[in-house]
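To keep things clear, I will list the structure first and then write my remarks on it.
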Amino acid sequence: MEDNRQDVVLEVRDVTMKFNKYETGVNSLKELVVRAFKKNLKKRKFECLKGVSFDVHRGEAVALIGRNGAGKSTLLKIVSGILKPTSGYAKRYGRITPLLRLGAGFDGNATGLENIYLNAAILGYTKKEIDAKIPEIVEFSELGDFIYSPIKTYSSGMLARLGFSIAVSMDSEILLIDEILAVGDIAFNKKCHAKLAELQQKGLTFLIVSHGEAVKRYCKRAIWIDGGLVREDGDITTVFKHYTEAMTKKTAAPATAPAAPAAQPQAKPAAPAAADANKK
Amino acid sequence: MSKKTARLSQRMYLLRLLVKRNIKNQYYRSFIGVLWTVLNPLLNMIVMAFVFSALFGRHTDGLDYPIYILSGNIIFGIMRSSTSSSLGCLVGQSDMLQKTKVPIEIFPTANVFSALVTFGFSFIALLLVAGFRALPIFGGPYFYFSWKIVLIIIILPAVTVFSLGISYFLSALYVFFRDIKHIYGVILTLWTYLTPLFYSVEALKSELVSKAMVFNPMYHYVEGFRELLRGDIPQIMLSFSTTQPSILAMYGFAAVSLVLGWLFLKAMKNKIAANL
């Protein structure tokens, strides 16, 4: 994998992430005080990622798999540069656009058009860049005149269309997708997949977090994160096979409910976008 | 270098969009829209003036009581609305902030600037009231315009920076402790009463209050603004013997607030990213 270095768009090297975690999530001052008095405020060093390294090349589509709590989300945050790893580094050569889950980051009172500007500006685009992309976004979303109505009047399908259209229309080098798409009706879904295929042709890099086999459609490579380590990195069919085997075999796995394997087999495109959060 | 300026102008653009959104949301779909920003303080003032004028009305050191109330409230309002809206601003954007690298301080900053815009509208309300009270009707004039009112541009940066610091601090803290929303609500109420908004320090006739008042940052902003309305200029130096607003105190508190808030936000940045 050390060939053609200038093709690398994402370089992750020895990324280690340690958290100082309270044993139970303390997220209120009251809880902190009460626990401090009861003296059961145990802090635990929690190593979420332990020396993760990989490269992603231009035009590659990589699936990131692993069971809930394996460190995928943390890894994604580090990859996008939001989180600084305890040691190691993640370098990006190009812009990352995340495909957010349904309606995330939208302001309900603002119109679709205003939301495009706001959303793209938060993603780091200038007014000029957004202006240039507006026709494309509006056209792709097929929202028509609804683009001038407040977002809160939109159906969830329309919201998803808008979000998707923004993400795929902005010129970025890396597209970050959390769980494979379930956008709009069948017709629009088809269009999305066609667009993604087109973007892939153009050399856009995908990083897809998924539990389902549907990612095989785009990805030839999968990285399996387990216990904060790269357990396997390679051809998607092989990795998925081993992953599925491990998940079904290991019933008494730590930190996993016995019924966990049921979570992954047939998560077709119809699966909810926020599948990462579901704890079956 | 040009890359840096490009990024800066992009941030300014984002900031402008966020402020616009905030202002729009504030009075979204209300019948008369943004006019509320002018009407709101006016109506508030009328109620307060009606309720308190008998109690405190005669001790405002030469300032007409309705103007006394209005001026205090709109200056205090900059701090109040910016800090309370900043509390949840990072958590509210968590979907976006989990996935996008964006300078998080831009969100509390936008809230402070929105509050400043609201202040601008309220200031119009104040001018209207002042104009009305300056007319020789109902036994008036009760108010005399002075050119020194334009010197408010000395006070505004200080109170803005002061609010920025608190906003940074609170937005970061709220990520970890969600219950500070309730605590801060109480603190804000207490702060409102500890600041001479509808009463005057002299009217209380308490040595202790007069001595302690100089430690209340909001006192300096509020009372400094009133000095200008009276046609005086607040003194530069801080004096502990007399209860007087001071420009040095205004900027001193502002600097301390900004530095502490900024450092806290910076120090917590990674933890915020992990916790959002």
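Here A:K220 is the anchor, and the lysines within straight C-alpha reach of less than 19 Å, apart from those fewer than 8 places off in the same chain, are A:K72, A:K195, A:K202, A:K241, A:K268.
Quick check for me: using +1 on Lys/Arg Cβ and -1 on Asp/Glu Cβ, what's the dipole size of the protein assembly as shown about its Cα centre, in debye to the nearest 20?
Numbers: 66 positive and 41 negative charges, 259 e Å.
Roughly 1240 debye, rounded to the nearest 20.
Database remark: amide H of A:I225 closer than 5 angstrom to the amide H of A:I65, A:G66, A:R231 (H placed geometrically; neighbours at sequence offset of 5 or more, or on other chains; Pro and chain starts carry no H). Placing a pseudo-label 7 Å from each Cα along the Cα-to-Cβ vector at B:A54 and A:T238 gives an inter-label distance of 9.0 nm.
Modelled spin-label separation between B:L39 and A:D131, with each label point placed 7 Å from Cα along the Cα-to-Cβ direction: 3.6 nm.
Here the simple spin-label model places points 7 Å from the Cα toward Cβ, and for B:F176 and A:K50 these points are separated by 2.8 nm.
The mean number of partner chain beta-carbon atoms within 10 angstrom of a residue's beta-carbon across peptide B:171-177 is 2. Contact-buried residues of the range A:80-109, at a threshold of 40 Å² lost accessible area versus the chain by itself: A:I82, A:L83, A:L100, A:D107, A:N109 (1.4 Å probe; DNA, RNA and ligands ignored).
Take every residue in peptide B:8-20, count the Cβ atoms of other chains within 10 Å of its Cβ, and give the average of those counts. Don't skip to the end; give the middle numbers.
Working: counts 0, 2, 7, 3, 0, 7, 10, 1, 2, 10, 4, 0, 4.
Whole-number average of other-chain Cβ neighbours for B:8-20 is 4.
3J(HN,Hα) along the range B:76-85: 4, x, 4, 5, 4, 6, 5, 6, 6, 7 Hz, from the Karplus curve 6.51 cos²θ - 1.76 cosθ + 1.60 with θ = phi - 60°, whole Hz, x for Gly and Pro. Computed with a 1.4 Å probe on the full set of protein chains, the accessible area for A:C192 sits at about 0 Å². When the charge dipole of the range B:3-275 is built from unit charges on Cβ atoms (+1 for Lys and Arg, -1 for Asp and Glu) and taken about the Cα centre, the candidate among B:Y221, B:F143, B:L17 whose Cα reaches farthest toward its positive end is B:L17.
When shorter helices are ignored and each DSSP H run of at least 4 residues is given -39500 (n - 2.57), the per-residue value for the protein assembly as shown at 222 nm works out to -17000 deg cm²/dmol.
Could you name the lysines whose alpha carbon sits less than 27 Å from that of B:K24, not counting residues in the same chain fewer than 8 places away? Answer for B:K24, where 27 Å is the Cα cut-off: A:K127, A:K128, A:K133, A:K152, B:K99, B:K101, B:K181, listed by chain and number.
Do you know the relative contact order of chain B, to the nearest whole percent, from alpha carbon pairs under 8 angstrom that are 6+ apart? Before the final figure, lay out each step's value.
On the way: 352 pairs, mean separation 67.7, N = 276.
For chain B, the relative contact order is 25 percent.
For chain B, leaving out every one of the chymotrypsin sites (Phe, Trp or Tyr not before Pro) that falls in a DSSP loop and has at most 10 other Cβ atoms within 10 Å, the longest unbroken run is B:32-137. Per residue of peptide B:88-100, the mean number of Cβ atoms on other chains within 10 Å of the residue Cβ is 5. Summed over both chains, the area buried between B and A is near 2900 Å², taken from the accessible surface of protein heavy atoms with a 1.4 Å probe.
Between helix B:152-176 and chain B there is an angle of about 40 degrees, using the helix long axis and the longest principal axis of the Cα atoms.
Rounded to the nearest 20 debye, what is the charge dipole size of chain B about its Cα centre when +1 sits on each Lys and Arg Cβ and -1 on each Asp and Glu Cβ? Could you put the intermediate results ahead of the total?
Values: 24 positive and 10 negative charges, 276 e Å.
It comes to approximately 1320 debye.
The values are calculated or read from the model by the stated rules, or taken from the named source; none is laboratory data. This structure is a prediction, so every number in the text was calculated from the model and none was measured. Every residue, glycine among them, receives a Cβ derived from its backbone with ideal geometry; neighbour counts consider all protein chains shown. Keep in mind that these areas ignore ligands, DNA and RNA; they rest on the heavy atoms of the full protein, side chains included. Shrake-Rupley method; radii C 1.70, N 1.55, O 1.52, S 1.80 Å.
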